[in-house]
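Laboratory data are not the source of any read-out in this text; all were calculated from the coordinates shown. Keep in mind the model is a prediction, meaning the values are calculated, not measured. FYI the Cβ positions are ideal-geometry reconstructions off the backbone, even for glycines, and counts take in every protein chain you see.
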C-alpha cells in the first residue's frame, strides 16, 4: 500500500468517516432500545448530523457530523440542544476541522468549550498480506457468545478505565444485535483473551475499540483481531478502514504501524450553560 493510493483527506472524506461513526452509534442506541424498551434511548438526524442519546452518562451521547452536511446555524443548534435538554442530558459535539472557522466561532459564542481531542485515522481496506500466528484464532461471535465476548471486553477495558464499567456491562448483548456491526473474539491456545468490534457503513469499516485482558497482552492478539476484521471488511465491500484514537497514544502508534494515517484531528465540544 502507498499513501498515493489513498483518497485525499478532505471535506468529502470527513463526511464519509463521520457519517460511518455516527451511524454506528445511532444503531447502537437503536439496538439498546429494541432490547431494553424502557431505557429511554433516542436519536435523531438533523442537518445531516446524528444526535444520539444513549443515557446521561453514556460516552456515545453526543452528535457526529455536525456542520459537515449543512452550514451550521443557530437554528440547527437550537433543535439539537432541545433534543438533549428534553432527555436531561449534557450537550456534546464531535466536530471535524472541516466544518470551518465560522462554525467553531458559533460554538464559542454559544458558550461551548473544547473538552477532548482525537485523531481520526484511515487507510485503504485491503486483504491482509500475512496470516496470524497459528496458536491464535479469531472469529465473529454468534448470539450465544455475547456474554463471553462482553466478559472479555469488560476485563480488558475496565482494567484501565473502571469508570466505563456500567456502560460496558451490557455492551456485548447490544453490540452483537446492532445493525451493521460484528463482534470478534480472539483466542490463544483456546483461551479467550481479546475482543473487538467492526462497524460497516457505505464502504467504510469502522474499527471500534479492541481490548485484551491484562494477563494475555503482548502475545499478538490485537494484531490477529485487526487481521481478521480487515479481511471481513474487504469481503463485505469496504474500500476504507478507519479508527479513532487519542493523539500520541499507544493505539495511534499501533494503528500507524498497521498502515493507518491521520486524516484529521477533531475536537469534542461541551455546552457549559444555556446560550
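Per-residue ellipticity at 222 nm from helix content only, as computed over the chain with -39500 (n - 2.57) for each DSSP H run of at least four residues, stands at -10500 deg cm²/dmol. What is the angle, in °, between the Cα long axis of helix 74-86 and the longest principal axis of the Cα atoms in the chain? Nearest 10 is fine, range 0 to 90. Computed tilt is about 60 degrees.
With Cα atoms defining each centre, segment 83-117 and segment 229-275 are spaced 20 Å apart in the structure. Distance between the C-alpha centers of segment 129-207 and segment 20-71? Whole Å please. Segment 129-207 and segment 20-71 have Cα centres separated by 21 Å. In degrees from 0 to 90, rounded to the nearest 10, what is the angle of the helix 221-235 Cα long axis to the longest principal axis of the chain? With rounding to tens, the tilt is 70 degrees. Nearest 10 degrees is fine. How inclined is helix 11-35 to the longest principal axis of the chain, computing both from alpha carbons? That helix lies at roughly 80 degrees to the long axis. Give the residues of segment 15-48 whose amide nitrogen is closer than 18 Å to a point set 7 Å from the Cα of residue 56 in the direction of its Cβ. The answer is 38-42, whose backbone nitrogens lie closer than 18 Å to the label point.
Quick check on packing: order 234-240, 117-123 by the mean number of other C-beta atoms within 10 Å, highest mean leading. Show your work: numbers first, answer last.
Details: 234-240: 15.7, 117-123: 20.4.
For the peptides 234-240, 117-123, the packing ranking is 117-123, 234-240.
As a rough footprinting exposure proxy, the listed residues 6, 77 were ranked by other beta carbons within 10 Å of their own, and the order from fewest upward is 6, 77. Rounded to 0.05, the FRET efficiency of the residue 38 and residue 142 pair, given R0 = 22 Å and the Cβ-Cβ distance, is 0.25. The slack in the chain from residue 218 to residue 151, taken as 0.36 nm per residue of separation less the alpha-carbon distance, amounts to 22.2 nm. In this simple spin-label model, placing a label point 7 Å from the Cα along the Cα-to-Cβ direction at both residue 202 and residue 169 gives a separation of 3.7 nm.
Fully extended, how many nm does the chain gain between residue 257 and residue 82 (0.36 nm per residue separation, minus their Cα-Cα distance)?
Working: separation 175, 0.36 × 175 = 63.00 nm, distance 4.25 nm.
Full extension of this stretch gives 58.8 nm more.
For segment 48-159, the spherically averaged projection of the C-alpha convex hull amounts to 11.0 nm². Calculate the translational D of segment 126-238 in whole µm² s⁻¹ from Stokes-Einstein, where the hydrodynamic radius comes from the Kirkwood formula applied to all Cα pairs, the temperature is 20 °C and the viscosity 1.002 mPa s. D, rounded to a whole number, is 152 µm²/s.
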